[in-house]
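*Asks:* I am attaching a structure below and will ask some questions about it afterwards.
The values are calculated or read from the model by the stated rules, or taken from the named source; none is laboratory data. Since this is a predicted model, take the numbers as computed values, not measurements. Glycine also receives a Cβ, built like all others from the backbone with ideal geometry; neighbour counts cover every protein chain displayed.
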């Protein structure tokens, strides 16, 4: 439920999924869907600036946020709706966010590292089922605190995997014997908060991340992050290649 809860010694030989629904995961998916050549994650603002400066002029855009707002001097913030084809096609995005890129770094020891969000959930489930490795669902949280939207998504993926149903509709009782406590809690939360669309959407808005974005005027980003299965691919981060691209 937070990167701090991840036992990194269990990562070798497994698949990790970085989850930052509001908004890094959702934004990364949009950037790649709309033609970005790749996303280069960096933990700090200074590291991002250095990485961008080392790339050929005209080939790179700086994207990211601190405190939810676009960083001074950056080309883009962390709104998925800003990563349009007109802006990002053919560009490498050097990307840093308050929570998501840090969570990604925690996953570095896994055999594979994917990026998951509601907008590519069905594709993620398909890839995870076909792969067969142990799966770690790593919620980014918000400033070191649990946040509902990430747990909601983690629960939806766990339910879909363990029940074998795309929407996790079989109910939590069928998975209690095989899920750990955090996973079971996430599944139960997802099943309780996604019984109807209005409850699901209100959970997104009322979450810690959602409330932060509402205060900043990013209502549309919350709505977009709750849209399901807009894109049929999964971003994969390769630490060796130092970028996130569409998984083959």
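*Asks:* Could you grab the pairs with beta carbons closer than 8 Å, sequence gap of 6+ or different chains, first residue in the stretch 26-53 and at positive phi, second one surrounded by fewer than 17 Cβ atoms within 10 Å (Cβ to Cβ) and part of a helix (DSSP H, G or I)?
*Replies:* 35/85
*Asks:* Please tell me if residue 52 is buried (at least 17 other Cβ atoms within 10 Å of the Cβ), part of a loop (DSSP other than H, G, I, E, B) and modelled with pLDDT of 95 or more.
*Replies:* Judged against the criteria, residue 52 is not a match.
*Asks:* Now for a separate question. Mind listing just one residue for me: the one in the stretch 131-152 that is assigned to a loop (DSSP other than H, G, I, E, B) and either free of Cβ contacts under 8 Å to residues at least 12 places away in the same chain or touching a helix residue (DSSP H, G or I) at 6+ places or on another chain (Cβ under 9 Å) (or both) and, of those, nearest to residue 100 (Cα to Cα)?
*Replies:* 140
*Asks:* Can you tell me which of 14, 25 is under 20 Å from the mean Cα position of the chain (by Cα), at pLDDT 95 or above and buried (at least 21 other Cβ atoms within 10 Å of the Cβ)?
*Replies:* The conditions single out 25.
*Asks:* Have a look at 214, 128, 191, 124 and point out the one that is part of a helix (DSSP H, G or I), at pLDDT 95 or above, in contact with a strand residue (DSSP E or B) (Cβ under 6 Å, 6 or more places away or on another chain) and surrounded by fewer than 22 Cβ atoms within 10 Å (Cβ to Cβ). Write out each step before concluding.
*Replies:* Values: 214 fails: in contact with a strand residue (DSSP E or B) (Cβ under 6 Å, 6 or more places away or on another chain); 191 fails: in contact with a strand residue (DSSP E or B) (Cβ under 6 Å, 6 or more places away or on another chain); 124 fails: surrounded by fewer than 22 Cβ atoms within 10 Å (Cβ to Cβ).
After applying the criteria, what remains is 128.
Quick grid of which residues meet (1) buried (at least 19 other Cβ atoms within 10 Å of the Cβ); (2) touching a helix residue (DSSP H, G or I) at 6+ places or on another chain (Cβ under 7 Å); (3) modelled with pLDDT of 95 or more; (4) in a helix (DSSP H, G or I):
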position: 204; (1), (2), (3), (4): yes, yes, yes, yes
position: 210; (1), (2), (3), (4): yes, yes, yes, yes
position: 223; (1), (2), (3), (4): no, no, yes, yes
position: 233; (1), (2), (3), (4): no, yes, yes, no
position: 237; (1), (2), (3), (4): yes, yes, yes, no
position: 244; (1), (2), (3), (4): yes, yes, yes, no
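Okay, residues lined up against (1) in a loop (DSSP other than H, G, I, E, B); (2) within 25 Å of residue 213 (Cα to Cα):
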{"residue": "1", "(1), (2)": "yes, yes"}
{"residue": "16", "(1), (2)": "no, no"}
{"residue": "29", "(1), (2)": "no, yes"}
{"residue": "64", "(1), (2)": "no, yes"}
{"residue": "73", "(1), (2)": "yes, yes"}
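*Asks:* Determine whether residue 152 is under 25 Å from residue 200 (Cα atoms) and in contact with a strand residue (DSSP E or B) (Cβ under 8 Å, 6 or more places away or on another chain). I'd like the intermediate steps shown before the answer.
*Replies:* Working: under 25 Å from residue 200 (Cα atoms): yes; in contact with a strand residue (DSSP E or B) (Cβ under 8 Å, 6 or more places away or on another chain): no.
Taking the combined requirement at face value, the residue does not satisfy it.
*Asks:* Among the residues of the stretch 67-84, write down those that are surrounded by fewer than 17 Cβ atoms within 10 Å (Cβ to Cβ) and touching a strand residue (DSSP E or B) at 6+ places or on another chain (Cβ under 6 Å).
*Replies:* Passing the criteria: none in range.
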